[in-house]
Every structure is written in structure tokens, then in C-alpha cells.
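Undergrad: What follows is a structure written as C-alpha cells; I'll ask about it next.
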Ligand SMILES: Cc1cc2nc3c(=O)[nH]c(=O)nc-3n(C[C@H](O)[C@H](O)[C@H](O)COP(=O)(O)OP(=O)(O)OC[C@H]3O[C@@H](n4cnc5c(N)ncnc54)[C@H](O)[C@@H]3O)c2cc1C
């Protein structure tokens, strides 16, 4: 059936990446993810395999041990992971946080960190932006980093810092100049690459945060944590710009994951609708079952066109903000629609763990909230694309 048709513009290299990821994921079936979900355990084996095969290093230039490929390859990998029924939440951050180090890190920082990340010796999976009080209003974050000689002293708290317990490095956004002392409100924040191996127990405390899904969520506390001054990425006070720079990649990659989710739900629903017989016939013979699946399929394919557009613009170095935001919104909504339809198609069995539908249903819901909520995307489109008045 047509849900298995590949995007037409995939070249041989991307297609072989898709095939390899698909084959790898077959070793990690539903039972594996169910158990991890039940135990809220990190998928160490899966992440290790992806790393060994080089898939998490596709964006790292070849000179540092990666494959030097573009977002198109990264998107294909993440889409296939989700499409197999897996949960890429354990490892996707390395793909989109990498850009900050690549674009804004010094030569010395790149030489020091990138080969170790590419080889899997170190994991860069933690991204500390969100705080309990400021939420989406990133410019109001309160964690501070104060320069003292050849160090910065970090104090504050982050929340929802995924994978902090399973990462060696954290990309941290902290305030270096008080809000009231900056010429422009977007200034005064800086980005640091924190080596958590040395920090835990010495001013850094990580506490797991049990959540609706298995995302290795944590709260992170900084209490006079000393980090070397050369942890600073780029220029001091310019960090917000660097983080914004990386957001188009992040949104595009999350959108590709959502397309993978949506395709998994549609295939699962279609198979079940063909197999399940009630009233002496396949439930899929009823248009009340067929039409919602068909509608979810159409929405997914439409969203995927926008994801493809965002990928093309990003990889060509063209402005991609509008397409990346729309791709993330449309793909996350398509995935959620497909999830809902898949659950409805399965009736009561949709609630049974062994079908994986309830797990994927919970997991895909995240993407209308994180890493950026739908309202904030709509506000971006309204203000920056349509020219409507700024609302906050
Ligand atoms: C499982 C999970 C993993 C996460 N991982 C990470 C991570 O690794 N690193 C990290 O830094 N963060 C992470 N986050 C945090 C995530 O990015 C935030 O939850 C998200 O950005 C929303 O922020 P908030 O929860 O503070 O919501 P709030 O900012 O409190 O917003 C609450 C609601 O109000 C809406 N809202 C707020 N302001 C406006 C407005 N002006 N107009 C219209 N609507 C508005 C929002 O859209 C949202 O629906 C994660 C979150 C979850 C749940």
C-alpha cells in the first residue's frame, strides 16, 4: 500500500541510510520499548548501536570523525526510528544541539569535543534551557553564570532537562549580564558546554522527574558550580542568538520524527482494520473506520511536503524559519491525528500495552508542547511571517 512509498526525492545515499536504520531497528522490537517504558529506563543498547553505526554523527564533519551530511540525512534517520515503533527521544538531541558547537564553537573546542562525540566516547544529549519559573519566556531565565578569574560560577535550576543522567555533556543557557543592564533584551545570555562528569556532586545535582512518557526527564540544580572559562561557546552575552540559530534544525528534525510516528500509526491502524473482524466482516470495510485513516494519511503526506521544504531550504543555507516552524506544527498535528485514529481503530485493544499504540500515543503527544508549543509557532507565523502586531 502507498504508506510504504518513499519520498520521491530521496537519492541512493539517503535510501541506503533509511534501509540500514530500518534493519537496525528490527533488533529493537515493541517488547524492548515496552520494557523501557514500564521501567522508565534509558535505551542504552539502542543508543549505543546507533552510535557505533555512526548514525548519531551524521552531522559532524568528516575531519572530526563524522559523516559530514546534511539535515536531510539526519531527518531520514529520525523518521525511520519513529516509524519502526521506537522512541528516538533517548538520542535525538545530539543531532540538533550539535549545530551550536559546530557553528559557534572555537577551533579548539571542536577539536577537543567533536571527535569524542563522533566516536561515542562522550554523549552530548542534554540541553538545559527551560526553567520552572520562566517557561517559554526564555529571556526571563534566572540561572546565572558569573565570571571569576578563569572560571564561571553557575547558580540556578533547570527543569525538563532530558537525558541529563545519561549524557556526559550539557549545552547550557545561562544569564551572564543582568536583564536590566543589557542594551537589547535578547542580549545577556551565554551558552556553555558543561562537562557533567566533573560537575555532578561538585555543584551539579540531577534529579529524575517521572513523567507521562519515558524521556529520561530530570530537574537540574546548580549550586556554585565552577566551570572552566573555556566552556563558553562563542561570545559572552550572545547565547540567545546561537540557540535561536539552532532552532530551525531542531524543529525540522522533530517534524521528521512526527512524520515517522504518523506513518507508524497509519500502518498499524490499516493492518488492524484489515485483520479485525466484527459483525462477520473486517472493521476496515466500514467507512466510519476507513475515512479517518484516509484523512490522517492525507494530512501526513501534506505535512511531509512542508518537512521536505524545510529540509531543502536548511541544507541550501536559505532562510528556513517559516518552513521549519510550519513543518513542526503540521507534522506534530498529523501525528496526533493519526495516533487518535489508530487508538479508535483498535477499540479496547488500543489500551493494551502489548499493541504499543497507547505508548506511542503518549509519546507523540509531546511534540505539540516540546521543544516549542504550537501557540508559540502560531505566534511566530502571525508576527514574523504575516506582519501582525507583536503580542508579547
Ligand atoms: C518530556 C519533556 C522533555 C523536555 N525536554 C527538554 C529539554 O531537554 N531541555 C529543555 O530545555 N526543555 C525541555 N522541555 C521543556 C519544553 O521545551 C517546555 O515544556 C516547553 O517549551 C513549554 O514550556 P513550559 O512547559 O514552561 O510552558 P509555559 O511556558 O508555562 O506555557 C504553558 C502553556 O501556555 C502557552 N503560552 C505561554 N505563553 C503564551 C503566549 N504568549 N501566547 C499563547 N500561549 C502561550 C504555551 O503554549 C503552553 O501551552 C521538555 C518538556 C517535556 C514535557
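The values are calculated or read from the model by the stated rules, or taken from the named source; none is laboratory data. Keep in mind it's a predicted model, so treat the numbers as computed, not measured. FYI the Cβ positions are ideal-geometry reconstructions off the backbone, even for glycines, and counts take in every protein chain you see.
Undergrad: Just the residues that are in a helix (DSSP H, G or I) and more than 9 Å from the ligand (Cβ to nearest atom), please, taken from the range 155-177.
TA: Result: 165, 166.
Undergrad: Where residues in the range 366-386 are in a helix (DSSP H, G or I) and free of Cβ contacts under 8 Å to residues at least 40 places away in the same chain, which of them is farthest from residue 336 (Cα to Cα)?
TA: Initial filter on the range 366-386 (in a helix (DSSP H, G or I)): 366-368, 374-385.
Applying the additional criterion that residues be free of Cβ contacts under 8 Å to residues at least 40 places away in the same chain yields 368, 375, 379, 382-383.
Working: 368: 9, 375: 16, 379: 21, 382: 23, 383: 26 Å.
This residue is 383.
Undergrad: Please go through the range 122-154 and pick out each residue that is assigned to a loop (DSSP other than H, G, I, E, B) and under 13 Å from residue 203 (Cβ atoms).
TA: Passing the criteria: only 143.
Undergrad: Sticking with this one: Identify, from the list 99, 66, the residue that is surrounded by 15 or more Cβ atoms within 10 Å (Cβ to Cβ) and outside any helix (DSSP H, G or I).
TA: 66
Undergrad: Which of the residues spanning the range 376-392 are surrounded by 12 or more Cβ atoms within 10 Å (Cβ to Cβ) and within 7 Å of the ligand (Cβ to nearest atom)?
TA: Here is the first cut: in the range 376-392, the residues surrounded by 12 or more Cβ atoms within 10 Å (Cβ to Cβ) are 376-385.
Within the range 376-392, 376, 379 qualify.
Undergrad: If you don't mind, there's one more thing I want to ask. Can you pull out every residue in the range 127-154 that is within 15 Å of residue 227 (Cβ to Cβ) and either crowded, with 19+ Cβ neighbours inside 10 Å or within 12 Å of the ligand (Cβ to nearest atom) (or both)?
TA: Result: 128, 143, 145, 152, 154.
Undergrad: If you don't mind, another one. Is it the case that the range 189-199 has a residue that's away from the ligand (no atom under 13 Å from the Cβ), crowded, with 16+ Cβ neighbours inside 10 Å, under 24 Å from residue 36 (Cβ atoms) and not assigned by TED's automatic domain parsing to the domain that holds residue 245?
TA: Checked the range 189-199: at least one residue is away from the ligand (no atom under 13 Å from the Cβ), crowded, with 16+ Cβ neighbours inside 10 Å, under 24 Å from residue 36 (Cβ atoms) and not assigned by TED's automatic domain parsing to the domain that holds residue 245.
Undergrad: While we're here: Looking only at the range 219-232, how many residues end up being surrounded by 22 or more Cβ atoms within 10 Å (Cβ to Cβ) and either at positive phi or in contact with a helix residue (DSSP H, G or I) (Cβ under 6 Å, 6 or more places away or on another chain) (or both)?
TA: 2
Undergrad: Return yes or no: is residue 263 at pLDDT 95 or above and within 28 Å of residue 323 (Cα to Cα)?
TA: Numbers: at pLDDT 95 or above: yes; within 28 Å of residue 323 (Cα to Cα): yes.
Yes; evaluated as a whole, the condition is true for this residue.
Undergrad: Go through the range 205-216 and give me each residue that's surrounded by fewer than 22 Cβ atoms within 10 Å (Cβ to Cβ) and either closer than 14 Å to residue 171 by Cβ or within 15 Å of the ligand (Cβ to nearest atom) (or both).
TA: Within the range 205-216, 206, 207, 208, 209, 210, 211, 212, 213, 215 qualify.
Undergrad: Whether any residue in the range 336-343 is within 30 Å of residue 140 (Cβ to Cβ), within 16 Å of the ligand (Cβ to nearest atom) and assigned to a helix (DSSP H, G or I) is what I want to check. Before you say what the answer is, go through the steps one by one.
TA: Initial filter on the range 336-343 (within 30 Å of residue 140 (Cβ to Cβ)): 336.
Subset that is within 16 Å of the ligand (Cβ to nearest atom): 336.
Narrowing further to those that are assigned to a helix (DSSP H, G or I): 336.
Yes, the range 336-343 contains at least one residue that is within 30 Å of residue 140 (Cβ to Cβ), within 16 Å of the ligand (Cβ to nearest atom) and assigned to a helix (DSSP H, G or I).
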